[in-house]
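Down below is the structure, laid out as structure tokens.
Every number in this text was worked out from the coordinates using simple rules, so none of it is lab data. Note that the coordinates shown come from a computational prediction; the quantities given were computed from them, not determined experimentally. Cβ coordinates were reconstructed from backbone atoms using ideal geometry, including for glycine residues, and neighbour counts include every protein chain displayed.
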Amino acid sequence: MSMVYYHYDVSDISTGILHIGIGNFHRAHQQFYTNLLLHDKDQQNWGICGVCLLPADEKTVKNLRAQHLDYSLTVCGRNGEDEVYTIGSLRELIWGVEDPEAVVRKMADSSVRIITLTITEGGYNLDKETGEFILGDEKIQHDLKKPAIPVTVFGFVAEGLRQRKAQGGTGLTILSCDNLQHNGNTTKRAFMTFIEAQDKELAAWVEKHVTFPNSMVDRITPATTPEDVERLNKLNGTHDQVPVYCEDFIQWVIEDNFIAGRPAWERVGVEFTHDVTAFENMKLSLLNASHTLLSYPAFLMGYRKVDQAMQDKNLVKLIRTFMDADITPFVPAPENTDLEKYKETLIERFANHSVSDQVSRLCFDGISKFPVYIIHNLDKMIKAGADLTRPAFLIASYRHYLKYRKDDQGNGFEIGEPWLTESDQELITSENPQDFLELSAFKGVHLKGSGQFIELYIRFAEEIKDAGVVSVLQSIIK
Ligand code: NAD
């Protein structure tokens, strides 16, 4: 293990980026790159002001404040060697629940030239079928009617931009760092729909003065549990209440479309391009989709850690076949990328014993993840008449996970699904497996229109119930 301390003077740093959602991923990815960059004197106006908007963020905010916003990031090497970075790039932190005016003020401040986001896939408030922004949502309605006291990210950003405009301020860039398809375009659609509905003049200003680049982000970052906090402090000799740990792989590809300037992130390894589509498609279709395919079967088999699941040859074969046979036909290789090497590296990354990611993290919020990671390509597979064995197995496993909440060994568990609708709840409890195919997450594909899918899915759903997921896995791997 080696320690890597930052050695810039924090009093020289000013904040040019406001980030919403100071979760683990942001602290392992954007902060990591920015922390390295702040060593360059001419980049020291790009410190980060963190903003949290949820009541659940209280502990993180308090703990970070107690340690002057510095924290440690343990980068877990695939070779077993870890590097521990102290990160100093988070220079301010505002909790919207405590001080909403401060959030709005900071967004209006012209020194902020970029707003970045990691608010999770579900945070964008999009209809699972149409991808349209849900204006009828209760909190959104609140923010539309009471612009001065917002509660959602959309209300806050709109109010911040309104004040910025009123002060004659400059434009800025809104950069999503979440795993969404065309995350910049999607973010623009969501924010513009909200702002159009609230304030047409502001919408016209935003259209002219705000850009929304697409980006692809990558670094596996597990949730940090209380046991991890203890383990990391012991291992690293630190006293950190909010440490983060992650894998050694890192990638960030961004469209170079920053209306108010940007950090020279390319100096620390960030790639800038004019079109991120191919990178994003590769990452969501291979990494995230394989994670989802692995998650429910592995959890039901009793695995709780991803690296342990990756010791199971049948699961590895399942993923590799999915990548090669099911997904690769729909993934053109991005420039300068060897797709075979990328897939091999993914297998290595998943198996990283040192990072030991949680299977439950991969299972979390399937309702939001399926439309982004799985459904898009599954629709293409059905239209191409492809073999649907693995998607049918995945969806049968997902149903079993949500409905029975017991693994193959009979151990009960809680599910993590914050965005299940009432109708979803009913479909999950139904005894007829076909009802499950009407779930909100699957609205983007006509599963019942495929005879092959239905036949495989019903068979797998019954066999998982009777003989366990492991039996079906063995039968489809052969
Ligand atoms: P996390 O749970 O540690 O953090 C999530 C953050 O999002 C929290 O700060 C929370 O307050 C905020 N948030 C959630 N819903 C929100 C809402 N409706 N409005 C405003 N803020 C909201 O999760 P994480 O591991 O940091 O992952 C966050 C996102 O980052 C993922 O959903 C994904 O899109 C992206 N990502 C994660 C990883 C990873 O390996 N963890 C890798 C690539 C991309």
(request) Over the alpha-carbon set of segment 280-348, work out the extent along each principal axis and list the three values in angstrom, largest first. (result) 39, 18, 18
(request) Once you have the Cα-Cα distance between GLU58 and HIS274, take 0.36 nm times their residue separation minus that, and quote the gain in nm to one decimal. (result) 73.9 nm
(message) Suppose R0 equals 41 Å. What FRET efficiency, 1/(1 + (r/R0)^6) with r the Cβ-Cβ distance, do GLN67 and HIS209 give to the nearest 0.05?
(response) 0.65
(request) Compute the Rg to Rh ratio over the chain from the alpha carbon atoms, using the Kirkwood formula for Rh, and round to two decimal places. (result) 0.96
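I want the antiparallel fraction of DSSP beta bridges within the chain, as a percent rounded to 5. List each step's numbers first, then the result.
Working: 13 of 43 bridges.
Restricted to the chain, the bridges split so that about 30 percent are antiparallel.
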(message) Quick check on the exposure proxy: order LYS128, LYS369, LYS313 from fewest to most C-beta atoms within 10 angstrom.
(response) LYS313, LYS128, LYS369
(request) Determine, from the Cβ-Cβ distance of THR130 and HIS353 and an R0 of 35 Å, the FRET efficiency 1/(1 + (r/R0)^6), rounded to the nearest 0.05. (result) 0.25
(message) What aspartates and glutamates does LYS465 reach when the alpha-carbon gap must be under 13 Å and sequence neighbours fewer than 8 apart in one chain are set aside?
(response) ASP407, ASP408, GLU431
(request) Go ahead and collect, in residue order, the members of segment 283-316 whose backbone nitrogen is under 18 Å from a label point 7 Å along the Cα-Cβ direction of THR345. (result) 283-291
(request) Over 18 Å, how big is the tail of the calculated P(r) for segment 201-352, in percent of all Cα pairs? (result) 68 percent
(request) For segment 98-120 and segment 375-428, write down the distance between their C-alpha centroids in whole Å. (result) 37 Å
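Nearest 20 debye, what's the magnitude of the dipole of the chain about its Cα centre given +1 on Lys and Arg Cβ and -1 on Asp and Glu Cβ? Provide the component values of the computation, followed by the final result.
Numbers: 49 positive and 68 negative charges, 30 e Å.
It works out to roughly 140 debye.
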(request) Whole Å is fine, so just give me how far the alpha carbon centre of segment 146-166 lies from that of segment 9-83. (result) 25 Å
(message) With Kirkwood's inverse mean 1/r over C-alpha pairs for Rh, give me the Rg to Rh ratio of segment 260-308, two decimals please.
(response) 1.23
(request) Provide the FRET efficiency to the nearest 0.05 for the MET192-THR225 pair, computing r from the beta carbons and using R0 = 51 Å. (result) 0.85
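Rounded to a whole number of µm²/s, how large is the Stokes-Einstein D of segment 355-395 at 25 °C and 0.890 mPa s, given Rh as the Kirkwood radius over C-alpha pairs?
Values: Rh = 11.6 Å.
The calculation lands on 211 µm²/s.
Summing -39500 (n - 2.57) over the DSSP H runs of n ≥ 4 in the chain and dividing by its residue number, what mean residue ellipticity at 222 nm do you reach, to the nearest 500 deg cm²/dmol? Provide the component values of the computation, followed by the final result.
On the way: 21 runs with 201 residues, N = 478.
It comes out at -12000 deg cm²/dmol, rounded to the nearest 500.
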(message) For segment 134-287, what are Rg and Dmax over the alpha carbons, in angstrom?
(response) 18.9, 55
(request) On each of the three principal axes of the Cα atoms of segment 50-126, give max minus min coordinate, whole Å, ordered largest first. (result) 46, 34, 27
(request) Using the number of other C-beta atoms within 10 angstrom as an exposure proxy, rank VAL472, VAL331 with the fewest first. (result) VAL331, VAL472
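Over all distinct alpha-carbon pairs, what is the Kirkwood Rh of segment 321-435 in angstrom?
Working: mean 1/r = 0.0602 Å⁻¹.
One over the average 1/r among Cα pairs gives 16.6 Å for segment 321-435.
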(request) Counting other beta carbons within 10 Å of each Cβ, put LEU18, LEU144 in order, fewest first. (result) LEU144, LEU18
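For segment 11-95, what does the convex hull of the Cα positions come to per residue, in cubic angstrom?
Taking only Cα atoms, segment 11-95 has a hull volume of 97 Å³ per residue.
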